[in-house]
Amino acid sequence: MVSLGIEGLALEQWRRLLRVALGEEPADLVLRHARVVNVASGEIEEADVAIVYGRIAGVGDYPAGEREIDLAGAYLAPSFIDGHVHVESSLLWIDQFARAVVPHGTGAVVTDPHEIANVVGLPGIRALAEASAALPLGVFFTIPSCVPASPFESAGAVMDAAAIREGLALPNAVALGEMMNFPGVLAGDTEIYEKLSLPARRRDGHAPGLRGHRLNAYIASGMGSDHESTRLEEAREKLRRGLRIMIREGSTEHNLLELLPLVTDATYPQCCFASDDRDCATLLHDGHVDAILRKAIAAGLDPIRAIRLATLNTAEYWGLDGYGLVAPGYWANLVVFERLDDIRPSLVLFRGEVVAEDGKALFTVERAIPAWLLDTVHIAPIEPTQLRIPATARMVAVEAIPGQIVTRAIEVEPTVRDGEVKADPDRDLLKLVVVERHRATGQVGVGLVRGFGLKRGAIGSSIAHDAHNIVVVGVDDADILRTIETIAAMRGGLAAVVAGEVRAQLALPVAGILSPEPLEVVAAQYEAVEQVARELGSTVPAPFALLSFMALSVIPEARVTDRGLVVLR
């Protein structure tokens, strides 16, 4: 990661940049009386910042500019960077995602768009890239390496090595996306070899629970980072073996407090922050990277060091030239806030223009979502008999863990009536059903899950990482079936049903996983379905977010996909 230098400047523009930097000519914009957070030196500098052509010309004492903003001693930091995120987890199209995160001081995201890729492949990534080009947000892509995530689930598309190669040629592509198929890596799979052989600057890792020799083998295959650590010793071993550690704090995955002791004087250059998955309501009310910073600082992390993890460290790892530092030659992507111990952005600049103030986005973007993205949910008729589990004395169930996306494989004695296994809400053993929704194959996987706490009804979603089939958890088969039908009729979405009545729903017709509606509308509808889930007895903080991971067959230990129960240890 370096400054932009003269990249993109004509000769006369460069000469003007020099004159502005030398204090010989007014800048386009001067930010006066700033307390600059210098994440390179760990200091706070009192200085002006001169900006021309959207980039920083100089930091120091500067004459009057064509425009000026007096910061009156407020802090000025580089805008924040999310080191690993799936923007689709916000449930928003990319322009509304930007409206959600930019007011929170986010200036760039490194996104793995494998959610939309699992539905429609490389064309979906291209659509996201085109829609993000005009946004006041740097959107960088890691090109999905595992679509589908594993052979145990049915996705809507396949991205082979040839498709990935095309993706890596996109202008803002920075790496091969997270290599989730770690069993394939460890087995020396030929297809994995072809993908790892592609020319990529970085290869993002995904190594939940890998330790010892298995971790060595995975890292030796070329992966450079990991965001899946849930235990301190796991993260410490990965860091010792050379991985860049992305400390994750999302809507469902809360790993920050457990992993924060990893950040020491010796190790902090090897650590970054990542949200991975944050839904629209969390973004609207809690925030984005700024919320992670507040939590880290409240837990005792030095504020300047925390900001470095969210800026310079991330930019350096991903090679984001011109990002991550308030310094000459860097983009004027900046965030202003009043308190170092409680970071709440009051002003956000992108390339020298004010794009958000006091939590409100000041930009609009013309967009059109491609029509072909609005018709991707296709299911075969589902018969009630397909939801039945034959009677058995013992069976393996999925145990969901609130605050984590890992699960446990547990052996249970199911409740049996009339020759079949029944959901038993008194024991918190519910039916977990996954329906293939891309090609109307009629494949249905059924199992049991513990951890949701529903006492009646059913909740379901067409967001089911990573293949994004329809996933439903419920007490009653009729309500489960009604939920499936409701989601299909919306062309994707979330639904909560009780006694045959649809109590709340959120339509997600864009690839069956995103809404075309404004942030505030989607967040309100999302909160409504979450509230109904709680009224039905759900005991977890974010039931739909947790549900979305119940079919993810590359995270230990147990899942249900459209192909049935998958146990991964």
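The values are calculated or read from the model by the stated rules, or taken from the named source; none is laboratory data. As the structure is a prediction and not an experimental result, all values here were calculated from the model. Note: ideal-geometry Cβ built from the backbone for every residue, glycine included; neighbour counts use all protein chains shown.
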Requested in this report: Being part of a loop (DSSP other than H, G, I, E, B) and surrounded by 20 or more Cβ atoms within 10 Å (Cβ to Cβ) is the filter here, so list the residues in region 304-319 that pass it.
Outcome: Ala310, Thr311
Query raised in the report: Any residue in region 519-532 that is assigned to a helix (DSSP H, G or I), in contact with a Phe, Trp or Tyr (Cβ under 9 Å, 6 or more places away or on another chain), of a type outside the set (Ser, Thr, Tyr) and under 23 Å from Gly457 (Cβ atoms)?
Result: yes
Query - Filtered residue count, region 128-152, keeping only those that are under 29 Å from Val335 (Cβ atoms) and either in a helix (DSSP H, G or I) or among the β-branched types (Val, Ile, Thr) (or both) - result: 8
Query - region 437-464, residues that are closer than 28 Å to Glu413 by Cα and either among the aromatic types (Phe, Trp, Tyr) or assigned to a loop (DSSP other than H, G, I, E, B) (or both) - result: Gln443, Gly451, Phe452, Gly453, Leu454, Lys455, Arg456, Gly457, Ala464
Query raised in the report: Mind checking which residues of region 122-155 are of a type outside the set (A, V, I, L, M), surrounded by fewer than 20 Cβ atoms within 10 Å (Cβ to Cβ) and modelled with pLDDT of 95 or more?
Result: Pro123, Arg126, Glu130
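Hey, among Leu257, Leu301, which residue is part of a helix (DSSP H, G or I) and modelled with pLDDT of 95 or more?
Leu257
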Report summary line: Within region 250-293, of all residues that are charged (D, E, K, R) and closer than 17 Å to Ala100 by Cβ, the one surrounded by the most Cβ atoms within 10 Å (Cβ to Cβ) is Arg278
Requested in this report: Write out, first by first residue and then by second, each pair whose Cβ atoms fall under 8 Å of each other, whose residues are 6+ apart or on separate chains, and whose first residue, in region 532-556, is buried (at least 22 other Cβ atoms within 10 Å of the Cβ) while the second is assigned to a helix (DSSP H, G or I) and of a type in the set (A, V, I, L, M).
Outcome: Pro543/Ala533; Phe544/Val529; Phe544/Ala533
Query raised in the report: Of these, Val110, Val102, which one is over 19 Å from Gly512 (Cα atoms), assigned to a strand (DSSP E or B), touching a strand residue (DSSP E or B) at 6+ places or on another chain (Cβ under 7 Å) and modelled with pLDDT of 95 or more?
Result: Val110
Query raised in the report: What tally of residues in region 165-216 results from selecting those that are of a type outside the set (Val, Ile, Thr), part of a helix (DSSP H, G or I) and either under 20 Å from Pro148 (Cβ atoms) or outside the structural domain of Lys238 (by TED's automatic domain parsing) (or both)?
Result: 13
Query raised in the report: How about region 499-514: which of its residues are buried (at least 24 other Cβ atoms within 10 Å of the Cβ) and not in a loop (DSSP other than H, G, I, E, B)?
Result: Leu506, Val510, Leu514
Report summary line: The residue that is farthest from Ala332 (Cα to Cα), considering only those in region 46-62 that are surrounded by fewer than 22 Cβ atoms within 10 Å (Cβ to Cβ) and either within 33 Å of the chain's Cα centre (by Cα) or at pLDDT below 95 (or both), is Tyr53
Query - Residues within region 470-484 that are of a type outside the set (A, V, I, L, M, F, W, C) and more than 15 Å from Val434 (Cβ to Cβ), tallied - result: 3
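Please pick out the residue among Val326, Val335, Val377 that is crowded, with 21+ Cβ neighbours inside 10 Å and touching a helix residue (DSSP H, G or I) at 6+ places or on another chain (Cβ under 7 Å).
Val377
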Query - Single match in Arg503, Arg482 (criterion: farther than 30 Å from Pro123 by Cα and in contact (Cβ under 8 Å) with a residue 40 or more places away in the chain) - result: Arg503
